[in-house]
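The values are calculated or read from the model by the stated rules, or taken from the named source; none is laboratory data. Every value quoted in this text rests on a predicted model; they were computed, and no experiment measured them. Quick reminder, even Gly has a Cβ in these numbers, built from the backbone with ideal geometry, and neighbours come from all protein chains shown.
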Amino acid sequence: MQLRDGRKILGELLSFDQYSNIVVNGARERKMIGLNYYDESLGLYIIRGENVVLIGDQHPSRLSKYSPTLTLNQLSKEEFNKLEAEEKEKQQATGGHKSIKSGGEEDDIM
């Protein structure tokens, strides 16, 4: 699930109601930088329906047929925090401006 504030929540959908409020078992928040990610455990999670932007299936066996060459790198919390701090330093050094190259890659603008 992607939430309105940009967070991505993964887990087992247990229930929902007429207002699209959702109960997720074994919820975890996926934090990503490029192809690197860290999953923070949240446990049983209730999400108010108005905050849900997108719900999708993330089972690995069904995802592989759509992007077989895409592999994500799972990091420990410490590794992810270090990478996040490095990215923030880069953004501050360039003023946080980015442009998109023709291949879809991001390029910093000074």
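Counting only residues that are surrounded by 11 or more Cβ atoms within 10 Å (Cβ to Cβ) and either among the hydroxyl-bearing types (Ser, Thr, Tyr) or without any contact (Cβ under 8 Å) to a residue 40 or more places away in the chain (or both), segment 5-31 holds 17 of them.
What's the total number of residues in segment 60-85 that are modelled with pLDDT under 80 and either hydroxyl-bearing (Ser, Thr, Tyr) or on the phi > 0 side of the Ramachandran plot (or both)? Even if it seems obvious, please write down each step before you answer.
Of the residues in segment 60-85, the ones modelled with pLDDT under 80 are 60-71.
Filter again for either hydroxyl-bearing (Ser, Thr, Tyr) or on the phi > 0 side of the Ramachandran plot (or both), leaving 61, 64, 66-67, 69, 71.
Adding up the residues that qualify gives 6.
In segment 17-40, the qualifying residues are those that are of a type in the set (Gly, Ala, Ser) and under 18 Å from Asp5 (Cα atoms), and the one that is modelled with the highest pLDDT is Ala27.
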